[in-house]
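**Student:** Below: one structure in structure tokens.
No value in this document is a laboratory result; all are computed from the given coordinates. On a predicted model such as this, the values are computed, not experimentally measured, just so you know. With ideal geometry, Cβ positions are generated from the backbone for all residues, glycine too; neighbour counts draw on all protein chains shown.
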Amino acid sequence: MSKQNQRSDVAGLPVWDRCAVMGVVNVTPDSFSDGGRWFDTTAAVKHGLHLVDEGADLVDVGGESTRPGATRVDEAEELRRVIPVVRGLASEGVVVSVDTMRSSVAEQSLAAGAALVNDVSGGLADPAMIPVVADAGAPFVVMHWRGFLEGGNVTGVYEDVVREVVDELHARVEAVLDGGVAPDRIVVDPGLGFSKDAEHDLALLAGLDRLLRLGHPLLVAASRKRFLGRVLAGPEGAPPPARERDAATAAVSALAAHQGAWAVRVHEVRATADAVRVARAVEGAREL
Ligand code: PMM
């Protein structure tokens, strides 16, 4: 792999020689793009296995929608949704990531076989999260997050979005390191769409090299997000619905992989699995 695109591995996870594909299973009635579709354990496990068949390297299981304005599910309900799905997929040999802001859900998911904790709050929502992850020695995704969005997107004001996201992620990484998580287990993520509008998301995708300079593997989660709807609609048009944004998502996957992302998180895996393989082949040609 060329020096420019040097991709670091994450300790505790398998090593892929290309950008990894993280497939999404939202066990929720109300997620942004696929809410309600896998809201039952059997259907959710089946869907996760289907994503693996399609080429997912790992499967991210979440029981709480992070859609702006979504009300939080209570802890018991989140556990009820997530744990059987994590256990079911892990028992089939799937590398499972748990998408949660709650330390209890992270802890029980790790006990049920999850390999990675993906916290969209980067450890901010629950003070017990970092100790739980550190004690378990689990890899941890630290996403850029400016808080819950009840009452509108008041936190999405930036002068220089790339610089601010880099600085704020750097501060979170320091806090996570102080909390005892090993440096080679930390993944960073710009949090596309979280307190960010389409221009911010595009600027972050254009600035992935600056995020990579944080020195941690980078996860990019653009799948079906609002900014893709805006791009596809053009200035006057109506954005296509979330499920018609998969080709655009795969295009972002190719771009992110080409720039050195460690993984991309997507709802529809097939096209992205092809995209990351093409990006890998291009990298391979450069090495010759
Ligand atoms: N976005 C969503 C959920 N989980 N996790 C990470 N690490 N990064 C993200 O950007 C992210 C996430 C929201 O998307 P969905 O509800 O459509 O899956």
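**Student:** Under DSSP H, which helices of the chain have Cα atoms covering 30 Å or more of the helix axis and a Kyte-Doolittle average no less than 0.0?
**Tutor:** Length and hydropathy pass: none found.
**Student:** Send over the per residue convex hull volume for the stretch 155-288, Cα only, as a whole number of Å³.
**Tutor:** Dividing the Cα hull volume of the stretch 155-288 by its residues yields 123 Å³.
**Student:** Treat every Asp and Glu Cβ in the stretch 18-222 as -1 and every Lys and Arg Cβ as +1, leave all other atoms uncharged, and give the resulting dipole magnitude about the Cα centre to the nearest 20 debye. Present the calculation step by step, with values, prior to reporting the outcome.
**Tutor:** On the way: 16 positive and 32 negative charges, 61 e Å.
Dipole of the stretch 18-222, to the nearest 20 debye: 300 debye.
**Student:** Next up: How large is the direction-averaged shadow of the alpha-carbon convex hull of the chain, in nm²? If you can, show how the numbers build up before the last one.
**Tutor:** Values: hull surface 55.5 nm².
That works out to 13.9 nm².
**Student:** Follow-up. Nearest 500 deg cm²/dmol is fine: what mean residue ellipticity at 222 nm does the chain get from its DSSP H runs of n ≥ 4 alone, each adding -39,500 (n - 2.57), divided by its residue count?
**Tutor:** So the helix-based figure for the chain works out to -13000 deg cm²/dmol.
**Student:** Report the calculated FRET efficiency for D274 and A11 (r = Cβ-Cβ distance, R0 = 25 Å), to the nearest 0.05.
**Tutor:** Efficiency computed from Cβ-Cβ geometry: 0.30.
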